[in-house]
Amino acid sequence: MPQAQKSTRMINLFFMILSVLMFVPFLLVIMVSLSSEASLTEYGYRFLPDQIVFTAYQYLFKVPHVILRSYGITAIITVVGTLLGLLITAMLAYSISRPDYRFKKITSFYVFFTMLFSGGLVPFYILMTQYLHTKDTLWAIILPGMLNAWNVIVLRGFLSKIPMEIIESAKIDGAREWRIFFTIILAVATMSFAFTFPSKFALSQFMICGGTNPITPIFTICFWPASSTTSFFKI
């Protein structure tokens, strides 16, 4: 057998094993969901349950409106949070990437400093709940994810490669800064946005759990009761 063909088979075997290992946890979750509570208490998690029951699904779908609301809120946060996050991140990154920006150095240092030091979780919680009053609202998840210092640094490195001649030629043609940003900079930097996806969903367990607007992962943890009748779009 040629050496190249042997190496190819070894690589294929490695990825097949890796794929199986990635699928096994999902299979275990499905099997556990079909197991009875008594079986889980006595035998623990097993791939082959003693008895297949649908009690968990029956209990879950007793509140279909809550499930649909959690998926709807997840979609709203994903769309609104992503669009606002990318917009603000791009605006800040573009500003500090411009060599003619007067406060470029101090702004860049301010962004970089937040990567090294932060106020901590407790001050952040106090700020969001007692001063901004965003607890149990969608803004508690959207606002923290709108700006990330690392994403700003990464995007600034990309935008700094854009030649200033493009911006100067646009100004000669009569374009102002806002038009240059929205029509030229965003169009050129579209591909770089894939590396700057804002995400702060982990914070929702502190801000949303126990409220009335669960996103889908938090709903599975908190398991919202059917008696919740609060408005779906409370923002």
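The values are calculated or read from the model by the stated rules, or taken from the named source; none is laboratory data. Computed from a predicted structure; not experimentally measured. Virtual Cβ from ideal backbone geometry, glycine too; neighbours counted across all protein chains shown.
So, in the range 161-188, exactly how many residues are under 26 Å from the mean Cα position of the chain (by Cα) and surrounded by 12 or more Cβ atoms within 10 Å (Cβ to Cβ)? Counting residues in the range 161-188 that are under 26 Å from the mean Cα position of the chain (by Cα) and surrounded by 12 or more Cβ atoms within 10 Å (Cβ to Cβ) gives 5.
Please verify whether the range 15-30 includes one or more residues that are assigned by TED's automatic domain parsing to the domain that holds A140, part of a helix (DSSP H, G or I) and over 30 Å from V188 (Cα atoms).
The answer is no, given that none of the residues of the range 15-30 is assigned by TED's automatic domain parsing to the domain that holds A140, part of a helix (DSSP H, G or I) and over 30 Å from V188 (Cα atoms).
Within the range 60-79, not a single residue is touching a Gly at 6+ places or on another chain (Cβ under 8 Å), touching a residue at least 24 places away in the same chain (Cβ under 8 Å) and either surrounded by 13 or more Cβ atoms within 10 Å (Cβ to Cβ) or over 16 Å from M146 (Cα atoms) (or both). Of the set (1) exposed (fewer than 11 other Cβ atoms within 10 Å of the Cβ); (2) touching a helix residue (DSSP H, G or I) at 6+ places or on another chain (Cβ under 9 Å); (3) within 30 Å of N148 (Cα to Cα); (4) without any contact (Cβ under 8 Å) to a residue 40 or more places away in the chain, all apply to Q51 but (3). Can you name the number of the only condition in (1) of a type in the set (V, I, T); (2) surrounded by 12 or more Cβ atoms within 10 Å (Cβ to Cβ); (3) within 30 Å of L138 (Cα to Cα) that V32 fails? With respect to (1) of a type in the set (V, I, T); (2) surrounded by 12 or more Cβ atoms within 10 Å (Cβ to Cβ); (3) within 30 Å of L138 (Cα to Cα), V32 is out only on (3).
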